[in-house]
Amino acid sequence: MLLVESRAVFRRRRFHRRKAHLLLSALRHRAAELGERARLVQAETYRDALAEIDEPLQVCTPTSWAAEEFVRSMDGVQVLPERGWVLTRDEFAGWAAGRRRLLQEDFYRDVRRRVGVLVEPDGSPVGGRWNYDADNREPPPRRARRLADTIPLPEPWWPVEDDIDAEVRDTLDRWERDEGIAFVGSPDAQSPRRFAVTHAEATAALEHFVSQRLGAFGPYEDAMLADDAWMAHSLLSVPLNLGLLDPLDVVRRAEQAYRDGQADLPCVEGFVRQVLGWREYVWHVYWHTGPDYRTRNTLHAHEALPDWFADLDADAVTARCLSSVLAGVRDEGWVHHIPRLMVLGNWALQRGYDPVALTDWFHRCFVDGYDWVMVPNVVGMSQHADGGLMATKPYTSGGAYINRMSDYCAGCAYDPKVRVGERACPFTAGYWAFLHRNAGRLRGNHRMAQPLRGLDRLVDLPQLLEQEAARGADPP
Ligand SMILES: Cc1cc2nc3c(=O)[nH]c(=O)nc-3n(C[C@H](O)[C@H](O)[C@H](O)COP(=O)(O)OP(=O)(O)OC[C@H]3O[C@@H](n4cnc5c(N)ncnc54)[C@H](O)[C@@H]3O)c2cc1C
Ligand code: SF4
């Protein structure tokens, strides 16, 4: 088994230090597990590493267009099918053939039927419904600072660091000191690793989540609390994306929890939907839409990311939601789905940040970020830059949504109901400015008809546009 640690990967792009730690730790733990069966080559580039090998090699299809092209260009390397997915690319192509839109809900139901997860013998969904989204959109409990204040919810599973993690820290310190390699993220390199990096750790994390936290996952899936970043989320994206867990095992384990009475159906269905629906769907959208999908930009968004955003300078930001979420990325390289979509993505969409630059930023700053998963999530889902292939309307909202789904607004200098003036919420004002800028492009979308009618009735639109133009690229 050949394992390659390439310094050039980290030299070329400024990744989050916590992400670099996880990748090196996973590689070195795997090398230690395999012992003499593995050779770990630490080299500048993959090409340098391969030059040291004179035996024929096989590689599983990698997870990005660029890496696939690279391995296919190498002499003497046999490329095997990808691993760790429920459907093959051909099976997805068969499903997509002849469809005008690749709707996630249709895909999800089809996969559930195919693999028989939460499905009765006659092919109908267990419990009579495919979708429990309506039960899974609760705001956070009132007056709770943390979810565990109101419902029984143990801490997430945390790993115990070992000598390999200590060696990784030394390596990263040395790279920063002597090799000119720079990272983003909190300079506090000593805070502990949060995510599983071995199969044994990943299995323990899954078991802990399913038996102790899954029962709280569903209703508060979309809720945000300033003092509770993890809420009832699984923290399994890192081990899943490192290939340490098979997604089908993960959803079958969750299904078992439902059958054993450990968790209610809406919670289990909500979780199965994330893994079997969204994750699998996003993977196939990445390959199905081709390498040019990443550069789609149907809303013509070309603004550069301002330094405060790019450098995760949370302290420069007054808006409590954005400051708090940026601080989460700075400190952990992770925030859950809704802060990614409805705070960071929403902000970038409203401000017209360039989707390619934004995808690169998300990829580098998030511990679970890879090309296959960031491109559809950022370009398609969050920035609507694909013209609506993934989402029927842009995911944007004013402060009212953030106010309903979080406790951020209560302690903020702005007011989500105010759109002009000193207390104007930058998300509320940004929402209308976004609609105004894109009105021509969105008029044909019937789901945008009502918001656009609202825009036409806005009496203070000229003052609002002036205010937002004056804000420019400054932190809100
Ligand atoms: C703008 C944006 C960028 C994102 N970037 C990534 C990324 O780089 N890597 C990544 O794994 N997820 C990404 N996601 C999806 C999702 O936010 C994370 O998977 C999730 O927050 C990880 O935390 P968790 O493991 O606790 O997830 P949970 O909330 O516990 O969900 C369970 C699992 O479902 C899967 N999942 C759910 N939604 C998605 C999705 N849209 N795409 C892929 N997997 C999904 C993940 O594997 C996750 O571990 C992104 C979402 C948005 C809106
Ligand atoms: S008032 Fe606006 S800026 Fe402040 S926390 Fe609420 S949504 Fe965010």
Original post:
Do any helices (runs of 4 or more DSSP H) entirely within the stretch 276-345 hold 1 or more residues that are of a type in the set (G, A, S), within 16 Å of ligand 1 (Cβ to nearest atom) and under 16 Å from the mean Cα position of the chain (by Cα), and if so, which?
Top reply: 320-332
Original post:
In the stretch 155-177, how many residues are out of contact with any His (no Cβ under 8 Å at 6 or more places or on another chain) and either assigned to a loop (DSSP other than H, G, I, E, B) or loosely packed, with under 15 Cβ neighbours inside 10 Å (or both)?
Top reply: 13
Subject >> Meets criteria (in a helix (DSSP H, G or I) and more than 21 Å from F362 (Cβ to Cβ)) for V210 >> reply: yes
Original post:
With R101, R112 as the choices, which residue is out of contact with any helix residue (DSSP H, G or I) (no Cβ under 9 Å at 6 or more places or on another chain) and either surrounded by 13 or more Cβ atoms within 10 Å (Cβ to Cβ) or within 30 Å of G380 (Cα to Cα) (or both)?
Top reply: R101
**OP:** With the checklist (1) crowded, with 24+ Cβ neighbours inside 10 Å; (2) within 16 Å of ligand 2 (Cβ to nearest atom); (3) among the aliphatic types (A, V, I, L, M) in hand, flag the one item A254 doesn't pass.
**Re:** (2)
Subject >> Output for the stretch 127-147, where each listed residue is part of a helix (DSSP H, G or I) and over 24 Å from the mean Cα position of the chain (by Cα) >> reply: G127, G128
Original post:
Of the numbered conditions (1) small (G, A, S); (2) within 20 Å of A26 (Cβ to Cβ); (3) within 16 Å of ligand 2 (Cβ to nearest atom), A226 satisfies every one except a single condition; which is it?
Top reply: (2)
Original post:
Can you tell me which of A134, A93 is touching a helix residue (DSSP H, G or I) at 6+ places or on another chain (Cβ under 7 Å) and loosely packed, with under 14 Cβ neighbours inside 10 Å?
Top reply: A93
Original post:
Mind checking which pairs have a first residue in the stretch 398-414 that is assigned to a helix (DSSP H, G or I) and a second that is basic (K, R) and within 16 Å of ligand 1 (Cβ to nearest atom), Cβ under 9 Å, 6 or more apart or different chains?
Top reply: M405/R137
**OP:** Hey, can you tell me all the residues within the stretch 369-391 that are touching a Leu at 6+ places or on another chain (Cβ under 8 Å), over 12 Å from L358 (Cα atoms) and near ligand 1 (Cβ under 6 Å from one of its atoms)?
**Re:** M381
Original post:
Yes or no: R320 within 16 Å of ligand 2 (Cβ to nearest atom) and touching a Cys at 6+ places or on another chain (Cβ under 6 Å)?
Top reply: yes
Original post:
Is one or more of the residues making up the stretch 365-378 closer than 30 Å to R13 by Cα, in a helix (DSSP H, G or I), free of Cβ contacts under 8 Å to residues at least 60 places away in the same chain and of a type outside the set (G, A, S)?
Top reply: yes
**OP:** Among residues belonging to the stretch 213-228 that are farther than 16 Å from D264 by Cα and part of a loop (DSSP other than H, G, I, E, B), point out the one that is nearest to the chain's Cα centre (by Cα).
**Re:** D222
Original post:
Say we look at the stretch 333-368 and pick out the residues that are out of contact with any Phe, Trp or Tyr (no Cβ under 6 Å at 6 or more places or on another chain) and basic (K, R); which of these is surrounded by the fewest Cβ atoms within 10 Å (Cβ to Cβ)?
Top reply: R340
Subject >> Members of the stretch 330-348 that are more than 13 Å from ligand 2 (Cβ to nearest atom) and either without any contact (Cβ under 8 Å) to a residue 12 or more places away in the chain or closer than 14 Å to M224 by Cβ (or both) >> reply: W334, V335, H336, H337, R340, L341, G345
Subject >> Selection within the stretch 369-428 - over 18 Å from P339 (Cβ atoms), away from ligand 2 (no atom under 16 Å from the Cβ) and among the β-branched types (V, I, T) >> reply: V375, V379, T392
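Condition check ((1) of a type outside the set (A, V, I, L, M); (2) touching a Ser or Thr at 6+ places or on another chain (Cβ under 9 Å); (3) buried (at least 24 other Cβ atoms within 10 Å of the Cβ)) across all residues:
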{"site": "G380", "(1), (2), (3)": "yes, yes, yes"}
{"site": "Q383", "(1), (2), (3)": "yes, yes, yes"}
{"site": "A391", "(1), (2), (3)": "no, yes, no"}
{"site": "V420", "(1), (2), (3)": "no, no, no"}
{"site": "A433", "(1), (2), (3)": "no, no, no"}
{"site": "H436", "(1), (2), (3)": "yes, no, no"}
**OP:** Would you be able to say whether some residue in the stretch 423-436 is part of a helix (DSSP H, G or I), within 24 Å of G472 (Cα to Cα) and hydroxyl-bearing (S, T, Y)?
**Re:** yes
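No lab work stands behind these numbers, since they all come straight from the coordinates. Since the model is a prediction, treat every value here as computed from it, not as a measurement. Don't worry about glycine lacking a Cβ; one is built from the backbone with ideal geometry, like all the others, and counts go over all protein chains shown.
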